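The values are calculated or read from the model by the stated rules, or taken from the named source; none is laboratory data. In this text, all values refer to a predicted model and were calculated from it rather than measured experimentally. All Cβ positions, glycine included, derive from the backbone under ideal geometry; neighbour counts span all protein chains shown.
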Amino acid sequence: MNDATKLTVINFLKAFTRLLVQSNLYKSDHPQVKEAAEESVKNANLFFSSEAAAELSLTLEQGRLLVNGAPFLQSDKLPNSLLNVFKKLNMDTMTFSREITERELVLFAQIHNAKERPEEYLKNNGITNARLQKSVYTKSSPSAQETPEPQKEKKTDVHGEIASKNFEQGLQIIVSRLTPDEREQKELINTLFDKFKTEVEEKINKAVEGIKREKTKIENDYVRTEAVVSNIANGILTIDKDGNIIMMDGEAQAITGKPLKEVSGKKIFDITNIENQVLNLASEIRSENAKAIDKEIKTKAKEDLAKTIKNSTALVKNEEGKIVGAISMPTDMAKIKELEKLKEDFISSMTHELRSPLTSIKMALDLLSREKLAPGVSAMLNTAIRNSERLNSIISDILDFSKLQSGKMIFKLTENDPREIAKNALDSMKAWGASKNITLSLINEGNLPPVHADSRRSEQVLINLLSNALKFTPAGGRIQISVDRGKNSLSNFVFFSVRDTGCGIKKEDQSRIFEKFVQAASGEKTGGTGLGLAITKAMTVMQGGTITLESEEGKGSTFRISLPVFRQQADSAEGIGPLEKKAWWKKLFGI
């Protein structure tokens with residue numbers, strides 16, 4: 001496997017891992033899920049083409065990841081989200097066929113959350129181009145006996161007789177061996193000729209029909225493609241086999257900021273200095289470490305043109321598979337990026353601007369609460385303090401969700417005691433529980449291993465769940481946190497459960513409880529953004545865990561999260577070596 005193919009595999013692993021995470025955060029039709037699935041299929045197809053392979057198999061064997069049976073890298077350098085699929089399903093190999101579709105990949109990414117067995121899940125969801133196996137290897141028994149080669153029959157004299165004859169003469173010799181009667185021989189030959197003629201005509205007609213259908217299909221595809229291209233809003237940029245620009249339409253000229261006569265015959269790199277940036281980006285992509293990749297690309301033309309061209313370019317190959325050029329259909333991504341950045345900056349600025357005066361208000365209210373006040377004034381002050389805390393919680397939710405969506409929330413995964421995480425979360429909520437006359441308790445199973453998690457974020461997850469439980473549990477109720485290894489004490493996860501005796505959640509609302517801006521608990525409506533459980537799920541998944549819900553209306557709810565056991569997980573990936581000097585199209589695509 002050459003370096004270019006290795007990069008393709010790593011790009012596939014990155015896209016597929018992102019799909020595993022996104023499909024747990026969002027619905028299957030969410031743009032980020034679709035983008036991850038599309039990127040995964042694109043890289044899988046690149047692998048199939050470069051290796052002339054019918055399948056892409058990922059195998060965990062003896063601490064290594066094998067790709068189609070060949071060692072690729074150490075398994076402890078894989079992302080936890082990908083490792084968890086192998087561990088949770090108790091499988092050694094996942095295999096994707098050449099015909100794998102984006103729909104099948106999205107459904108496959110959700111398999112580790114399915115309640116039925118993996119093979120039943122694949123069958124029920126119509127996933128035919130992905131499968132799971134315990135192993136892809138079968139060792140031959142040393143005592144197995146080789147099957148003897150069948151002995152070739154000794155040629156009779158008839159072989160030598162017909163070897164130099166034409167078809168009709170050879171047939172005459174064979175028929176003469178069947179019967180000495182010349183009249184009968186003639187009838188047999190005529191019958192065989194008629195049968196041969198009929199079968200040949202049928203095969204020719206069938207082949208001609210197939211050719212006609214293919215011709216019609218090609219003509220229809222051409223008409224459809226021509227109609228799409230002629231009405232497309234994006235710019236079209238055509239490049240020859242040497243990387244020279246040979247054609248661009250008006251929209252492409254508007255995006256690049258240069259007319260065709262100025263750039264015709266020039267290299268693609270002459271209109272944007274993406275060569276070094278693409279090489280640097282490709283080098284960073286090869287690493288599996290947690291360091292953020294610099295996404296900025298400087299250009300000589302419009303902002304972000306380099307990345308736009310890179311992401312919208314397809315290679316053109318001839319029948320022998322040789323690259324003869326490329327075609328690019330860039331969109332004006334600069335405007336889209338600018339709008340996204342404005343949105344992120346607005347949310348971040350708004351939350352910080354609100355938090356600064358709120359901190360002063362809270363301090364002033366705290367000072368006032370220490371003074372002796374009249375009963376009526378004291379009640380109003382307590383209301384103001386509660387509302388300031390509520391506003392602070394809302395701002396924190398919005399800020400956390402904004403960080404999660406933009407990928408700016410950092411998780412410091414280290415070795416942590418799960419009992420300490422649960423105890424700290426419970427202690428921070430005891431005062432609220434006492435004020436509502438609700439009993440909070442903690443049960444720890446013995447011999448719990450450490451977890452690989454961010455202790456502060458994990459405590460925040462449990463605090464969010466406890467906060468919800470306190471909101472919807474009436475006075476005199478009970479809330480219990482339990483920490484255990486689950487049904488299988490040898491599993492690779494530690495489980496935290498938050499069980500309450502509140503109003504519960506309706507069955508029809510349970511499927512959407514982790515969505516944004518949703519409050520689906522039965523009973524009286526409470527305040528809040530509706531982001532708490534969405535943030536809770538995102539923080540759990542980003543640490544390699546899962547979250548589930550069991551609830552019965554009128555009897556309470558149980559939220560159960562899992563966090564991976566600490567096993568000296570590595571943060572960096574095995575390097576592939578320096579990039580050699582490459583063709584223009586490899587530089588453009590970063591392969």
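Can you find, within the range 93-128, the residue that is surrounded by the most Cβ atoms within 10 Å (Cβ to Cβ) among those that are of a type in the set (A, V, I, L, M) and either touching a strand residue (DSSP E or B) at 6+ places or on another chain (Cβ under 9 Å) or in a helix (DSSP H, G or I) (or both)? Here the answer is Ala109. Among the residues in the range 2-12, are any within 25 Å of Leu490 (Cα to Cα) and either part of a loop (DSSP other than H, G, I, E, B) or touching a His at 6+ places or on another chain (Cβ under 7 Å) (or both)? No; the residues of the range 2-12 include none that is within 25 Å of Leu490 (Cα to Cα) and either part of a loop (DSSP other than H, G, I, E, B) or touching a His at 6+ places or on another chain (Cβ under 7 Å) (or both).
Considering only residues that are assigned to a loop (DSSP other than H, G, I, E, B) and surrounded by 15 or more Cβ atoms within 10 Å (Cβ to Cβ), look in the range 439-448 and name the one that is nearest to the chain's Cα centre (by Cα).
Within the range 439-448, the subset assigned to a loop (DSSP other than H, G, I, E, B) is 445-448.
Applying the additional criterion that residues be surrounded by 15 or more Cβ atoms within 10 Å (Cβ to Cβ) yields 445, 448.
Working: Glu445: 35, Leu448: 32 Å.
It comes out as Leu448.
What is the residue count in the range 449-462 for residues that are in a helix (DSSP H, G or I) and out of contact with any Ser or Thr (no Cβ under 6 Å at 6 or more places or on another chain)? Counting residues in the range 449-462 that are in a helix (DSSP H, G or I) and out of contact with any Ser or Thr (no Cβ under 6 Å at 6 or more places or on another chain) gives 7.
For every residue, the table says whether it meets (1) outside any helix (DSSP H, G or I); (2) among the acidic types (Asp, Glu).
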site: Asn382; (1), (2): no, no
site: Arg386; (1), (2): no, no
site: Glu389; (1), (2): no, yes
site: Ser396; (1), (2): no, no
site: Lys408; (1), (2): yes, no
site: Asn424; (1), (2): no, no
site: Asp427; (1), (2): no, yes
site: Trp432; (1), (2): no, no
site: Asn437; (1), (2): yes, no
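With respect to the stated conditions, Ser497 is surrounded by 15 or more Cβ atoms within 10 Å (Cβ to Cβ), among the polar types (S, T, N, Q) and in the same structural domain as Thr540 (by TED's automatic domain parsing).
From the list Ala70, Ala36, Ala52, the lone residue that is over 26 Å from Phe566 (Cβ atoms), without any contact (Cβ under 8 Å) to a residue 24 or more places away in the chain, more than 13 Å from the chain's Cα centre (by Cα) and in the same structural domain as Phe96 (by TED's automatic domain parsing) is Ala52. Give the residues of the range 364-375 that are touching a residue at least 12 places away in the same chain (Cβ under 8 Å) and surrounded by 13 or more Cβ atoms within 10 Å (Cβ to Cβ), sorted by residue number. Leu365, Leu368, Ser369, listed by residue number.
The residues listed here are Ser378, Ser396, Ser388, Ser402; of these, the one that is in contact (Cβ under 8 Å) with a residue 40 or more places away in the chain and not assigned by TED's automatic domain parsing to the domain that holds Lys471 is Ser402.
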